[in-house]
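Trainee: There's a structure below that I have some questions on.
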Amino acid sequence: MDNWWVILIIAVVVIGALALFIPKAQKPKKVDKPAPSVAKTDPSSTEVTPATPKTEAEPEPKTLDEPAAAAEVETPEPTQGRMTRLRSRLARSGSPLGSTLLKILSRDHLSEDDWEEIEETLLVADVGTTPAMELVDRLREEVRVQGISDPAKVRELLREELIRLVDPAMDRSLALEKTTQDDGTKAPAVVMVVGVNGTGKTTTVGKLARVLVADEKQPILGAADTFRAAASEQLTTWGRRVGVETVRSDKEGADPASVAFEAVEKGHQDDADVVLIDTAGRLQNKAGLMDELGKIKRVASRKGPINEVLLVLDATTGQNGLVQAKVFSEVVDVTGVVLTKLDGTAKGGIVIAVQRELGVPVKLVGLGEGADDLAPFETDAFVDGLLGAD
Ligand SMILES: Nc1nc2c(ncn2[C@@H]2O[C@H](COP(=O)(O)OP(=O)(O)OP(=O)(O)O)[C@@H](O)[C@H]2O)c(=O)[nH]1
Ligand SMILES: [Mg+2]
């Protein structure tokens, strides 16, 4: 019995030794290795996410092996005439402004009550008190002088007065020309996008990147919303779809100002036309967050001026938007307003009110969730939308 036990131990040792010499190739492969990534070993570093995923044959990580179709670059729609294409969305959002005004103005003899109803309609559509009173006064005068009988004339009169209120003389072009530096070389234009939470900033940066690509410009995106990791991913996805690179940091809570700076620097290196910087949503009454926004702007402007600071306002928030607008403008000197979600509100009059409040023009409007549903603002097309023109 003792001998049998010794033989058993020897046999186990011999089998174990033999197992060590079995060639490695015969062992099963480990497929679940974590992705080797420079950015991940140093989470504080800012990385540039290429516009298209790598195509080299790498065994891992699996996410790089997505079907080629996912990496296909889309061709955005041309920007010309977008406002006209999308204007019916203003009418479809149930905007009662144009149709209600036309209905009242078409009445035979306009009474005091009728005029009050007109003013009320304007206020409900968020036109703002002063502009609403101005419009009523002008309409009253026109009606007194000309008298209005046929509906076409009423419509034309209202159209003219609304256009006057929206102010066709405002310069709504985006300042996207490259800046000439002291040494004579050109630097990319820098655009910062700011606003409270959920207004549509990231979506607007994504859509604007498409506008630029459609206009044959080369943008770079900067994901300076470092509050949530998902924010930079959201922006990167927008960029990838049209072959645009995004500068980001994968470290949650990284300094947004340095990401913004890196984006500008990358824009210089790549000789990009425009650097678009997305920022985190912040409430205008949080002083710390507003200070941070000021810092992002200061740091991003170290290499040159910021050409545009676009304030994104959600049109459905009505008068609240005006309060936000004022505070943001004091902190970062807003140069243009992007009014989003105009497709989902009957309050198109906010265009008039916000321009009055800030003295800066609405330059772009969001009229839907589609990738190309952002339009350069055009006064005539906007008013036609309000009046329900097809
Ligand atoms: N209908 C409609 N939805 C819009 C429009 N613009 C943006 N949205 C939607 O609004 C939601 C919020 O958009 P985001 O771009 O994530 O907003 P954000 O301001 O970046 O949000 P935070 O970064 O969290 O502050 C998304 O569901 C968008 O699709 C628009 O013009 N019309
Ligand atoms: Mg965002």
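Trainee: Pull up all non-local amide H partners of residue 126: gap of 5 or more, or a different chain, and H-to-H distance under 5 Å with H placed in the peptide plane.
Mentor: Those qualifying (amide H under 5 Å, at least 5 residues apart or on another chain) number zero.
Trainee: What nm distance separates the two modelled labels at residue 160 and residue 130, each placed 7 Å from Cα along Cα→Cβ?
Mentor: 2.5
Trainee: About the Cα centre of segment 167-253, what is the dipole size in debye to 20, counting +1 per Lys and Arg Cβ and -1 per Asp and Glu Cβ, all else neutral? Write down the numbers at each step before the final one.
Mentor: Details: 12 positive and 12 negative charges, 70 e Å.
Roughly 340 debye, rounded to the nearest 20.
Trainee: About the Cα centre, and with charges only on the beta carbon of Lys, Arg (+1) and Asp, Glu (-1), how big is the dipole of segment 195-244? Nearest 20 debye, please. Walk me through the intermediate numbers first.
Mentor: On the way: 7 positive and 4 negative charges, 19 e Å.
Taking the Cα centre of segment 195-244 as origin, the dipole is about 80 debye.
Trainee: Another question, then. What residue among 312, 367, 288 has its Cα farthest toward the positive end of the dipole of segment 270-374, where the charges are +1 on Lys, Arg and -1 on Asp, Glu, each on the Cβ?
Mentor: 288
Trainee: Can you bin segment 288-390 into rounded, prolate or oblate? Criterion: square roots of the alpha carbon gyration tensor eigenvalues sorted a ≥ b ≥ c, rounded for a/c under 1.5, prolate for a/b above b/c, oblate for the rest.
Mentor: On the way: a/c = 2.24, a/b = 1.83, b/c = 1.22.
Prolate, since a/c reaches 1.5 and a/b exceeds b/c.
Trainee: For the residue pair residue 73 and residue 269, what label-to-label distance in nm results when each label sits 7 Å from Cα along the Cα-to-beta-carbon direction?
Mentor: 1.9
Trainee: Let me ask something else about it. Can you list residues from other chains, or at least 5 along the same chain, whose modelled amide H is less than 5 Å from the amide H of residue 192?
Mentor: So residue 192 has HN proximity to 277, 308, 309, 310.
Trainee: Still on this structure: Full extension from residue 140 to residue 102: what is 0.36 nm times the residue separation minus their Cα-Cα distance, to one decimal in nm? Show your work: numbers first, answer last.
Mentor: Values: separation 38, 0.36 × 38 = 13.68 nm, distance 1.39 nm.
Difference between extended and current length: 12.3 nm.
Trainee: Can I ask one more? So how much slack lies between residue 173 and residue 88, counting 0.36 nm per residue of separation and subtracting their Cα-Cα distance, in nm? Walk me through the numbers on the way to the answer.
Mentor: On the way: separation 85, 0.36 × 85 = 30.60 nm, distance 2.27 nm.
Full-extension gain reported as 28.3 nm.
Trainee: Suppose the chain between residue 182 and residue 230 were pulled fully straight at 0.36 nm per residue; how much longer would it get relative to their current alpha carbon spacing? Can you show the working numbers first?
Mentor: Values: separation 48, 0.36 × 48 = 17.28 nm, distance 3.84 nm.
Between residue 182 and residue 230, full extension yields an extra 13.4 nm.
Trainee: Non-local amide H neighbours of residue 179 (under 5 Å, H modeled in plane, Pro and chain starts lacking H): which ones?
Mentor: 187, 189
Trainee: Taking 28 Å as the cut-off for C-alpha to C-alpha distance, list the pairs among 251/303; 186/207; 178/363; 186/297; 153/326 that go past it. Working shown, then result.
Mentor: On the way: 251/303 24 Å; 186/207 25 Å; 178/363 19 Å; 186/297 20 Å; 153/326 38 Å.
From 251/303; 186/207; 178/363; 186/297; 153/326, over 28 Å: 153/326.
Computed from the coordinates by the stated procedures, all read-outs in this text should not be read as laboratory data. None of the values given here were measured: they were computed from a predicted structure. All Cβ positions, even for glycine, are placed from backbone atoms using ideal geometry, and neighbour counts span all protein chains on display.
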